[in-house]
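As structure tokens, the structure follows; a few thoughts come after it.
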Amino acid sequence: MTLAGFVLASNALNLAGLLRLRHRFRLLSGTSVAIGTVAAIIAGPILGAVPAPVIPLVLTLTLLAAAAAFTTKLLGTYLGPVGVPVATLLLLTVGNATSGATTGVDLLPAAARTISPLLPPGSVVRAITDLTYFHGAHAAGPLITLTLWAVIAALLVGLRPRLTRRTAAGAEGPPVRPAVSHPSRYHRRPVQTSRCGSTSRTVPRERTWRGSSMPLTELDAAARRPTPTARPRRRAAAACSPGTNRNGSAP
């Protein structure tokens, strides 16, 4: 059962670019239920290898498959390619060796007896033993352990996209407003043309900040200069006054 959940999660990791997160959650959950149901029916009523009630056995094996699947998915999501070998070492190598399925729990070393009830394989062996021989008298503890493995791993996998978005937003920082004195942020207004008879003169206007009617000389202290419009306007006015030539001088 642990191997089935591990293989299921490994395939789900390869489907990360094809399926959304909620679809992968449905895949893992639904397949875990199917694996637990089929395994309980085969091991119980068909083969008679596990003389435990079918419904509690289905629940126990489903929790084992879900715990193995979501834990493998969690490690692969957070650790990347290294997560699958870590899940193999944790669930298959250490978990199966300390589960007590092939060797009695009392014959295990002291360290293995301490780790065994905390891992999914050891918890499921204890739960099945209690369901088979003691009518489930002490099965609540192992079932709670399996549930915690599955639920906590699923929650952490679900929080991964939000953590990634927050990290990306914090790395970008707040938007920076460009400096006013940047030469590419202001432009010249169109020139104003004044005509007097046959004389045509252009009167340039001040440079202004784009989107603002205030002159750039008032926005940027570093670019304060005398307004270039006063003299051309006087010249243009003089050119249009009576008694002046075309070049604006007195006859």
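Within segment 135-150, if we keep just the residues that are of a type in the set (A, V, I, L, M, F, W, C) and in contact (Cβ under 8 Å) with a residue 60 or more places away in the chain, the residue that is surrounded by the fewest Cβ atoms within 10 Å (Cβ to Cβ) turns out to be 143. Checking each residue in segment 92-129 for being at pLDDT 90 or above and hydroxyl-bearing (Ser, Thr, Tyr) picks out 93, 98, 99, 114, 116, 123, 129.
Working only within segment 34-53, note down all residues that are part of a helix (DSSP H, G or I) and surrounded by 16 or more Cβ atoms within 10 Å (Cβ to Cβ).
Of segment 34-53, the ones part of a helix (DSSP H, G or I) are 34-46.
35, 36, 37, 39, 40, 43, 44 - these are the residues of segment 34-53 that are part of a helix (DSSP H, G or I) and surrounded by 16 or more Cβ atoms within 10 Å (Cβ to Cβ).
For residue 127, the conditions (1) surrounded by fewer than 17 Cβ atoms within 10 Å (Cβ to Cβ); (2) small (Gly, Ala, Ser); (3) closer than 15 Å to residue 53 by Cα are fulfilled apart from (1). You will find that of 105, 84, 94, the residue that is in the same structural domain as residue 42 (by TED's automatic domain parsing), under 19 Å from residue 15 (Cα atoms), β-branched (Val, Ile, Thr) and surrounded by fewer than 24 Cβ atoms within 10 Å (Cβ to Cβ) is 84 and no other. Looking across 123, 32, one residue alone is within 28 Å of the chain's Cα centre (by Cα) and closer than 14 Å to residue 2 by Cα. It is 32.
The values are calculated or read from the model by the stated rules, or taken from the named source; none is laboratory data. This structure is a prediction, so every number in the text was calculated from the model and none was measured. Cβ: placed from backbone, ideal geometry, glycine included. Neighbour counts: every protein chain shown.
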